[in-house]
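Structure record follows, encoded as structure tokens.
Derivation of every value follows stated rules applied to the coordinates shown; laboratory data play no part. If you're wondering where the values come from, they're calculated on a predicted model, not measured in any experiment. Cβ placement follows ideal geometry from the backbone for every residue including glycine, while neighbour counts extend to all protein chains displayed.
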Amino acid sequence: MLMRIKSLLEYFQKVWGMEPPRWDYLQVEVTTRCQLPGCVMCPRTAWPASWQSRDLSWQTFEALLSSRPLFSQAHLSGWGEPLLHPRLWDMARALRAQGVKVSLTTNGLGLNAEVRKRVLEHLDMVAISLDATRADTYEKLRPGSDFQRVIDNIATLCSAKRTLGQQRPEVVLLFLKMRPNLKELPEFLRLAASLGVDRVNAPNLDFIPLPEMDSLSLLSLSPPDPELEAISQEAAAEAQRLHLPFRDFSLSLKFDLRVCDANPLRQVFVTASGEVAPCVYLGLPVDGPFTRRFFKESYLAGNYFYGQVAENSLESLLQKSAYLNFIDYFKTPAAIFGLLPSAIPDSRAAKEIKKLHPFSASSGRWPPACHGCLKSLGA
Ligand code: SF4
């Protein structure tokens, strides 16, 4: 009961904190291309034939920039490797000149001397996906990559930042938790501290496009396996001992969430083709419907767009029904009290959730586009 009251309070804070509609945080996909041929967890690996490889045009970027008063942070990443965009640093420079905080997520392979200089000059935060402590684990998860090269790039970046005496960019190491790598998490904290990064985040794998990828997931409808929990606890203790800020996403699902961590009330995602979506999971670079796995069952999903930047300013999209209808689901009193339909598809797993958690996410109202998304369960 206490948890339920806490979750309601958090929800009220998010919704009541709202001024007239605006987005604080703009996530901009500068490219959907990547130099790596097939990371095991990536939807591009799952759908190579339908993947649309493209770069954000400068024209679209300028259109976004003209809406600058709407947002104060820009994260220049989506479903691709941002360092590959030929005008990435022009974009970062233009955003910072307007007082916008700029960040991105990279696989770290391209952090050579020239790029490092730009990172130190233009970014407020850089997140680097590493996901493993051992080279063999890393190279199995990310075939074609080079563990030692990424490690050296991170160490050199952190050391250059220290030499310059700069506070920024914040360097964040990412560990996407999956079954093949979880046992390396405590050691990953030690590696991160030795490299000199500022923070570690360990999210769960929360998007599974194909049945072949089910075995990567650690999430389950039952309480997490005590052995997995013990690893998470060991990692947390290690982070504390090392005084290293660490966000570990829980393996326990939340059945009473009213707004997901992607927080579409405050954040928005712009795809490389200029479509504006609530989040990355509703803006995949594929045409037509796609499958999402929901506890080992395939569920048909699709993109959801508020509109196209080439035809509408961001300000005008905030007044359009596609946006207003989407966020209304999070704001109706019925959603607050969990009285309206489900965030989960009609599947075997959904029935189990409804039985076990009658006052759960299955009763909180979510937009239909979110149905079957593991983020709606706090993943
Ligand atoms: S629940 Fe999933 S699909 Fe819906 S807004 Fe959140 S992250 Fe996006």
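A few notes on this one:
- Within the chain, DSSP assigns beta bridges of which about 30% are antiparallel (rounded to the nearest 5).
- Reachable aspartates and glutamates from K161, criterion Cα separation under 13 angstrom, eight or more residues apart if same chain: E121, D124, E170, D198
- For the stretch 175-213 versus the stretch 96-117, the inter-centroid distance based on Cα atoms is 21 Å.
- Computed packing ranks the peptides 184-196, 162-174 as 184-196, 162-174, most packed first, by mean other Cβ atoms within 10 Å.
- With bins 10 Å wide beginning at 0, the percent of Cα pairs of the stretch 102-167 falling in each bin runs 21, 52, 24, 4.
- Cα-based shape type of the stretch 189-275, given that a ≥ b ≥ c are square roots of the gyration tensor eigenvalues and the cut on a/c is 1.5: oblate
- Selection from V276, V100, L300 lying farthest towards where the dipole of the chain points positive, charges on Cβ: V100
- Average silhouette area of the stretch 203-342, convex hull of alpha-carbon atoms, in square nanometres: 11.4 nm²
- Scanning residues 5 or more positions from A127 or on other chains, those with amide H under 5 Å from its amide H are L104, T105, T106, V172, with H placed 1.01 Å from N in the peptide plane.
- Shape class for the stretch 144-187, computed from the alpha carbon gyration tensor (a ≥ b ≥ c): prolate, with a/c not under 1.5 and a/b above b/c.
- When the stretch 93-247 is reduced to its Cα atoms, the Kirkwood hydrodynamic radius in Å: 16.6 Å
- Inter-site label distance for S347 and S159 at 7 Å from Cα along Cβ, in nm: 4.7 nm
- Cβ-Cβ FRET estimate between K140 and S57, R0 fixed at 30 Å, reported to 0.05: 0.25
- Per principal axis, descending, Cα span of the chain in whole Å: 56, 51, 42
- More than 21 angstrom apart: percent of Cα pairs within the stretch 235-311: 51 percent
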